[in-house]
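Data block below; observations after.
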Amino acid sequence: RYRLGIWSSGGTAWLPPHAWPSCAYKGNLTLKRLSSYPCAIGVDLSSTRDTTAISLLFGVPREGDPSDLVPHVLNFYWLPRSAVHRYKKHIDLEKFGRFLTITPDEALDQRTAADFLADLIFKDRIDVRGIAFDPYNSKIFIDHLMKARGIPEAMLREIPTTVRTMSPATKDLESLIL
């Protein structure tokens, strides 16, 4: 794993390996299939050589009980080609194909992620209920979303990525999985 700028191995995993298979969806999980369900979006922007991620969390009614929403998640990632080369001795990132978009620049232009997100809303007609983002280093992204792409400010929610803000949600997720 990569932590604090150092590649390391070992350590304690947040979730034990046997827990991950229970998270897998057994059917055909596509954006088209999920687009009519309510969606919350989380954005994790990179600064230079790390990954930018946009995660879509859909609430899909459980078969037989439409009041019980089952979470379905689709993730989209971007990484600059320079980072792919930097990490190549540790992991072959190019094998992730459709899950990872490799960009030609030294750092991701945040407008690329903003355009992708706006297209989800306006072209793919995703039923977005809110977009959460860390305000740190997000000015270009937010300005482009609102001014150039017409995303209303009311749809955006600042959530700093701190232990105080992330710990409760992480604990809830862990309890759902385990």
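The values are calculated or read from the model by the stated rules, or taken from the named source; none is laboratory data. Computed from a predicted model, the values in this text were never measured in an experiment. Here the Cβ is made from the backbone with ideal geometry for all residues, glycine too, and neighbour counts use every protein chain on show. Surface areas here come from the heavy atoms of the whole protein model, side chains and all, with no ligands, DNA or RNA. Shrake-Rupley method; radii C 1.70, N 1.55, O 1.52, S 1.80 Å.
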If we scan the stretch 150-157, do we find a residue that is charged (D, E, K, R), modelled with pLDDT of 90 or more and surrounded by 12 or more Cβ atoms within 10 Å (Cβ to Cβ)?
-> yes
Looking at L79, L93, which is the one that is within 27 Å of A24 (Cα to Cα), in contact with an Asp or Glu (Cβ under 9 Å, 6 or more places away or on another chain) and free of Cβ contacts under 8 Å to residues at least 40 places away in the same chain?
-> L79
Which residue pairs have Cβ atoms under 6 Å apart, sit 6 or more places apart or on different chains, and have a first residue in the stretch 16-42 that is under 25 Å from L178 (Cα atoms) and a second that is open to solvent by less than 90 Å² (accessible area, probe 1.4 Å) and not in a strand (DSSP E or B)?
-> A19/I177; C39/I126
Do the conditions hold for R157, that is, is it over 20 Å from L108 (Cβ atoms) and either under 15 Å from the mean Cα position of the chain (by Cα) or in a strand (DSSP E or B) (or both)?
-> yes
Got at least one residue in the stretch 131-140 being open to solvent by 90 Å² or more (accessible area, probe 1.4 Å), within 26 Å of H72 (Cβ to Cβ) and more than 17 Å from the chain's Cα centre (by Cα)?
-> no
Can you find even one residue in the stretch 159-167 that is in contact with a helix residue (DSSP H, G or I) (Cβ under 8 Å, 6 or more places away or on another chain) and of a type in the set (A, V, I, L, M)?
-> yes
For the stretch 13-127, please list each of the helices (runs of 4 or more DSSP H) lying entirely inside it that holds at least 2 residues being in contact with a strand residue (DSSP E or B) (Cβ under 9 Å, 6 or more places away or on another chain), open to solvent by less than 80 Å² (accessible area, probe 1.4 Å) and modelled with pLDDT of 90 or more.
-> 110-122
Which members of the stretch 27-86 meet the condition of being among the small types (G, A, S) and more than 26 Å from F141 (Cβ to Cβ)?
-> G27, S36, G64, S67
